[in-house]
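Undergrad: Questions regarding the structure given below will be posed in turn.
Read-outs throughout are calculated quantities, based only on the coordinates presented, and are distinct from any laboratory measurement. Since this is a predicted model, take the numbers as computed values, not measurements. Because the Cβ atoms are built from the backbone with ideal geometry, glycine has one as well, and the counts that use them run over all protein chains shown.
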Amino acid sequence: MLREAWSNRDGAIWLELSEFFEVALIHQPELIVKMFSGDEELLDSWLKSVGGQLFTDFLGGDLERLLQVQKDITSALEIYLIAEKEPQRKHVANRILTIIKESKVREID
């Protein structure tokens, strides 16, 4: 369902999906990797917005939590990559991990 929601997103729905991506990436990163495996176009569309989607504090007061989320997602993906043997899934996970590590946590004033 998350794949379908991302594929058919419009307006600001991409921000409302952030919590689902956050929880999945921390607790079951394999679900997100599997969702994007074999669909580079869909993966690219998500990777372009992942920094803003997951690591922007729009309301204030959430900066520390978002920094922790970034660390938790990074750790979960690194653990996943140790166990994953399938090359396509490793490729997707590595692309996600790279973007997560490069993303800046920011607060909107």
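Okay, residues lined up against (1) under 13 Å from the mean Cα position of the chain (by Cα); (2) more than 20 Å from residue 88 (Cα to Cα); (3) surrounded by 13 or more Cβ atoms within 10 Å (Cβ to Cβ); (4) of a type in the set (A, V, I, L, M, F, W, C):
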{"position": "4", "(1), (2), (3), (4)": "no, yes, no, no"}
{"position": "15", "(1), (2), (3), (4)": "yes, yes, yes, yes"}
{"position": "25", "(1), (2), (3), (4)": "yes, no, yes, yes"}
{"position": "32", "(1), (2), (3), (4)": "yes, no, yes, yes"}
{"position": "41", "(1), (2), (3), (4)": "no, no, no, no"}
{"position": "47", "(1), (2), (3), (4)": "yes, no, yes, yes"}
{"position": "53", "(1), (2), (3), (4)": "yes, yes, yes, no"}
{"position": "62", "(1), (2), (3), (4)": "no, yes, yes, no"}
{"position": "65", "(1), (2), (3), (4)": "no, yes, no, no"}
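Undergrad: Which pairs have Cβ atoms under 8 Å, sit 6 or more apart or on different chains, and link a residue in segment 89-103 that is among the aliphatic types (A, V, I, L, M) to one that is not in a helix (DSSP H, G or I)?
TA: What qualifies is 92/37; 93/84.
Undergrad: It is to be established whether one or more residues within segment 41-56 are among the charged types (D, E, K, R) and either in contact with a helix residue (DSSP H, G or I) (Cβ under 7 Å, 6 or more places away or on another chain) or not in a helix (DSSP H, G or I) (or both).
TA: No: zero hits.
Undergrad: Restricting attention to segment 67-104, report how many residues are among the β-branched types (Val, Ile, Thr), farther than 14 Å from residue 31 by Cα and surrounded by 13 or more Cβ atoms within 10 Å (Cβ to Cβ).
TA: 4
Undergrad: If I ask for residues that are aliphatic (A, V, I, L, M), out of contact with any strand residue (DSSP E or B) (no Cβ under 8 Å at 6 or more places or on another chain) and closer than 21 Å to residue 27 by Cα, which ones from segment 48-66 would you list?
TA: Residues satisfying the conditions are 50, 54.
Undergrad: In segment 31-40, how many are touching a helix residue (DSSP H, G or I) at 6+ places or on another chain (Cβ under 6 Å) and of a type outside the set (Ser, Thr, Tyr)?
TA: 5
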